[in-house]
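Any read-out appearing in this document is the output of simple, stated calculations on the displayed coordinates, not a laboratory observation. This one's a predicted model, so the numbers in the text were calculated from it and none came from an experiment. Positions of Cβ are backbone-derived with ideal geometry, glycine not excepted, and every protein chain shown enters the neighbour counts.
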Amino acid sequence: MLHGRGPEWPLPNHLREALLSDPMDWLRTERAGLESAVLHAAQAGLDELCWDLAITSVTLFESENQVEDWRRTHELALDAVRRVENRRGEAALLYSLATLDMGMQPAEADRHLRYALEIFAKLGDVIGRALTLSALASIERLGGHPRAALQRYESALAGFRQVGDKVCQADALSNMANIKMDCRDFVEAGRMLAEAKLICRSIGSPRAAAQTEFRQGELHLHTGEFAQAERSFKAVQRAATDRGDLVGEAYALAGLVAASTEQAQYAEAEASLAAALSLSTRIDHNLVRGRIILSAAELYIAKGEGSRALSVLSEALVLFTELGSESVWQFHFLEVKSRAYRLVGRTAAAAAARLQAIDLAGGFDPALAHSLILASERVDSRWWR
């Protein structure tokens, strides 16, 4: 992770023991102090210390979805580093702000990341450049450009290996596996996830392990191994709950809805959905909320409740439009909407939604477009045979 080179002050023994025994609990306890420290460092002109504290605090802000605190501390620190032309601090803060914006404002995130990448490249900062490339790859994937995303991830992975950052290596590999799943290369996705799991076991990182396990659950869904997918998502949910990771828990619950739906375990799916929807009201993240709603629509379609599916899809349209009208998730939305229309007998509307989805896919990478259309045809034939 990126950090500044502020003064290193020895911690008293009791504070050191508290920090090492439960870092997240210590961060929660010191939350107000951390925010105050960022402000005082900015006012005192301690730019390195200021941005270092702001970046460090993200561990807490991200896990508990404290969006306003995240943005406020970073804007304070950004002003501080720009006053003294601290370029590395500026790039690090822009990268961090971009990760905050990716779930809500991907265009703004992309702008921050491209500027940060330019700075890191000029500074010769290997880890900063690799982290930024990885974030840009996520935006490329969302926009339907898997080959460009893979190239960025491969460059990022080389940087992580150069500096020996194993957590980021595992993260890059699991995200690359996700792209391979998009393009229906499940063998290569499995290989990448196996490598990521080995790394996670070697370093004992619960968060990295949970993220990799989530991707494993998605792979199981793609390959029809629904019981195994359920086990993976339950493991992710337990890990996220233990860490107080609201976003991770929401993703896991959305996965459980999908796994239960595929097994016709509708009561379990409804319970997971209720928990996911409740949790989504506490987090400010369009992509998470949208994924939960798509899982809900899939569940209602499976139960033969087309009107109910259409009612929830109206909210998903707003969410995915805000993410970008040409996103991969917009395609999924249209494909599910088409099936819901067919279920209620609105065949013309169903055909129009499907044609819109196909037209949208035409702007994606050809390999991805082919995979998405093929997958949707398989789902369609399963429901209507």
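Helices of the chain meeting both criteria, an alpha-carbon length of 15 angstrom or more along the long axis and an average Kyte-Doolittle score not below 0.0, with helices taken as full DSSP H segments, are 31-43, 47-63, 87-101, 126-142, 186-203, 246-262, 266-280, 286-302, 306-323, 347-361, 366-384.
The chain has equivalent-ellipsoid semi-axes of 38, 22, 20 Å, by the square roots of 5 times the alpha carbon gyration tensor eigenvalues, sorted largest first. For the chain, a simple Cβ point-charge model (Lys and Arg +1, Asp and Glu -1, everything else neutral) yields a dipole of about 900 debye relative to the Cα centre. Ellipsoid fit via the Cα gyration tensor, the stretch 64-202: semi-axes of 28, 16, 14 Å, each the root of five times an eigenvalue, largest first.
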